[in-house]
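I have placed the structure first, in the form of structure tokens, so that the comments after it can refer back to it.
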Amino acid sequence: MNYLKRSRLYLVHKKGQSLLMLLIMSAILVFVLSGIIIQNAAITATNNVTKSAGTTISVAANRDKMFSQMRSSTAKTKTLTTPTVANTKIKKAGSLSTVAYYNITNTASVNASSFDAVSTTTGTSSMPSGGPGGGGTTASSGDITINGVSSTAHTTAFTSNQAKLVSGRNITASDANTKNVVIEKELATDNSVKVGDTITVKTTASSAKKIKLKVVGIYKAKTSSTSMPGNDPSNTIYTSYTLPASISGTVGKSSSVTYTLENSAKEKATTKQIKQIIANSSFSVSSDDASYQQLLQPMKNVQAFAKKIVWLVAIAGTIILGLIIILSVRNRQREIGVLVSLGESKLHIIGQLFAELFTILIGAMVVALLLGSFVGNKVGNQLLAQQQTTSVSNTGSTSGAPTGTPGGGNMPAGKTGGTLRGGMTNQATTSAANKKALKTLNTSITPSSVIKLGGMGLVIIALAVCLAAVSILRLRPKDILIGE
Amino acid sequence: MLTVKNLTHWYGKSGKPLYENVNLSFTADKVYTIVGASGSGKTTFLAFIAGLDKPQAGEIFLDGENIEKIGATNYRKHKVAIVFQQYNLLMYMSALDNVLTALAVTASQHKNDKQYVLDALKGVGIEEADAKKNVQQLSGGQQQRVAIIRAMLVDANIVIADEPTGNLDDENSAMIVKLFQDLAHKHHKTVIIVTHDTKIAQKGDVQIKLAERQFMVS
Ligand SMILES: Nc1ncnc2c1ncn2[C@@H]1O[C@H](COP(=O)(O)OP(=O)(O)OP(=O)(O)O)[C@@H](O)[C@H]1O
Ligand SMILES: [Mg+2]
């Protein structure tokens, strides 16, 4: 182990040179570390995106099939019948481990009874509704749309801030089989209805039944261009999904459901599983991971770039260090000669060289870790900012204009064809939320990045020493005797 | 006993030999001096007997064993010690550490024995304070004395020196020659010294002259 002692004595004696080597090595390692940090951060961010991108799988009536059934119907008045699926099946699919949560949507159309519907300037209350969740179970329509959901908080209207609860509470899963409702503020003010009051609606069937509804919450809708004539957003009442089903006589069944995934990477497998569970050809099961893909791309770009940095710096560092060491070996020919004449093996001489570099590597690791997180942070966020700008401009030009209907927000036009708009998607909002979350990359140094850095450093000095070893091994012992 | 048998050597492809069929032997307790013109091949010869190079033809035996069989590194480590004209020491450590390094590398039983080394250095006039200084702060004569102590303390029985006094004044040269004589006569080593200096050459127990491609023993 004498070569370890020699390496120590050498480094201490050649303080200036050692310090210079420390600086060079630190510079190389700072770059390597920045690359590793950015790479790790991008990987973590990608995993987070994968988990939280909110890829959705919509189960809704197969429109083509619905229409062809209507045409082939022998009944005199051809009605568009929305197919239904048992809630037990929906729940079974919802309990898949890959599903984060799901939202059932049933709609029904009723007429106001104890109050007046909000009338719009452009239409009359008798016009058919085709708005959000258009697939009602009856062909005849009233002036009030009952939007039955599992949870109002998970509907697109609420997550996209098109609707916002202003008093009372949301409709949740525990409201199933109740007549609790959340109504719009405009409707409430016009009719002086407060939370806790009861309102009455009439069904649109020929023998109209009256239904008493309990107001548990009031929401405010952003009256935007999305409202259609005759369908003022104020006339949408949110209830549990069970109420529209009971109005249209399909108790225990539902017409559409949207599953939001725990992990976007499981999209294909889960779609298949859900298809198997629903097992109904009248339904189409379609997934939408556009926002996931859109978020994923910049992450992947950053990852790839960081990988390139790591490799480039590692290769450049190896070459630079190797050349420096080769030069120093030439200067140390005398010293090597003395050791060889003493009978020291060349392997031990190379070992001494390695030990010297290893000591410097340890010091450089400390310097790099002190500086690396700072540099990594700056570079990483710069990169991400650039990536997001390009990704936003990309989607703007390729995915086409938004459809302008609620629920269609972020979907590529092609995908909406097979599903009714009633199939709720959380698309637009989750992606917006994620973008915010990804504005900064987490560039903290983890133990694994320290290990990775140490590993890279070791490989770099090992390769550099190998380069130098060639020149040591080629040194002929006799040349040591003769010399200047 | 170190024996050189039928040694022939030439450099290059078809160059004429430096010397042919050299037969020499070196025994313990004696100082051998080799003189010869510049370029006659003295250093080349030392390289062979030091295990630093191999001749084109011929063999070298140590106590009957071919040194190729012993192995060059092993031979240098345990059998032979070399003193150069200069640059004998590792410049980044003290005289003490230089000798300790040699003892460690050669796996001597005295490795790590500082007092043993300090006493030996004191014997050639290098006090402890100087012994612990970086060797670059020592004079050429002092450095050469450290190299000789190093050759003395390692287990090697053959000491080879290539113009060990080349850079020293007469006074220092005389002191160095005295030390080499002690190595042979008191420490029972075989000492082989190459020199230009006829005064030093005359102090050898056996004087060898290399001329006209012949080693002549007198
Ligand atoms: N590696 C080599 N390749 C080719 N020729 C060499 C080599 N080493 C030495 N020579 C030649 O061999 C001859 C003997 O060289 P050597 O160094 O042994 O001489 P020397 O007797 O030690 O001389 P000096 O007294 O000047 O030190 C010289 O002519 C030299 O040029
Ligand atoms: Mg010479």
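The values are calculated or read from the model by the stated rules, or taken from the named source; none is laboratory data. Computed from a predicted model, the values in this text were never measured in an experiment. Cβ sites come from the backbone with ideal geometry, for glycine too, and all protein chains shown count toward neighbours. When the accessible area is computed, the model is the full protein with side chains, heavy atoms only, and any ligands, DNA or RNA have been set aside. Shrake-Rupley method; radii C 1.70, N 1.55, O 1.52, S 1.80 Å.
Worth pointing out:
- Restricting attention to the range B:105-117, the residues that are open to solvent by 10 Å² or more (accessible area, probe 1.4 Å) and either more than 11 Å from every other protein chain (Cβ to nearest Cβ) or at pLDDT 95 or above (or both) total 6.
Listed here are the residues, each with its yes/no results for (1) of a type in the set (Ser, Thr, Tyr); (2) surrounded by 20 or more Cβ atoms within 10 Å (Cβ to Cβ).
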position: A:Ile183; (1), (2): no, yes
position: A:Asp190; (1), (2): no, no
position: A:Lys209; (1), (2): no, no
position: A:Lys212; (1), (2): no, no
position: A:Pro233; (1), (2): no, yes
position: A:Pro244; (1), (2): no, yes
position: A:Ser248; (1), (2): yes, yes
position: A:Val257; (1), (2): no, yes
position: A:Glu262; (1), (2): no, no
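- Scanning the range A:284-293 for residues that are within 14 Å of chain B (Cβ to nearest Cβ), at pLDDT below 85, more than 30 Å from A:Thr82 (Cβ to Cβ) and open to solvent by 40 Å² or more (accessible area, probe 1.4 Å) turns up nothing.
- Listed by first and then second residue, the pairs linking a residue in the range A:82-109 that is in a strand (DSSP E or B) to a residue that is open to solvent by 20 Å² or more (accessible area, probe 1.4 Å) and among the acidic types (Asp, Glu), with Cβ atoms under 6 Å apart and 6 or more places separating them unless they lie on different chains, are A:Ala100/A:Glu262.
- Per-region count, the range B:37-61, residues away from every other protein chain (no Cβ under 13 Å), within 13 Å of B:Leu210 (Cβ to Cβ) and either buried (at least 22 other Cβ atoms within 10 Å of the Cβ) or at pLDDT 95 or above (or both): 0
- Taken over the range B:178-200, the criterion of being open to solvent by 10 Å² or more (accessible area, probe 1.4 Å) and of a type in the set (A, V, I, L, M, F, W, C) is satisfied by B:Leu179, B:Ile200.
- None of A:Ile349, A:Ile336, A:Ile325, A:Ile274 is more than 14 Å from chain B (Cβ to nearest Cβ), buried (at least 20 other Cβ atoms within 10 Å of the Cβ) and over 29 Å from A:Gly35 (Cβ atoms) except A:Ile274.
- If the condition is being in a loop (DSSP other than H, G, I, E, B), away from ligand 1 (no atom under 16 Å from the Cβ) and open to solvent by less than 80 Å² (accessible area, probe 1.4 Å), then the range B:156-177 contributes B:Ala156, B:Leu168.
- Selection from the range B:32-70 of residues that are among the β-branched types (Val, Ile, Thr) and under 23 Å from A:Val338 (Cβ atoms): B:Ile34, B:Thr43, B:Thr44, B:Ile49, B:Ile60, B:Ile67, B:Ile70
- The range B:165-192, residues that are within 15 Å of ligand 2 (Cβ to nearest atom) and either away from chain A (no Cβ under 14 Å) or over 30 Å from B:Lys16 (Cβ atoms) (or both): B:Thr165, B:Asn167
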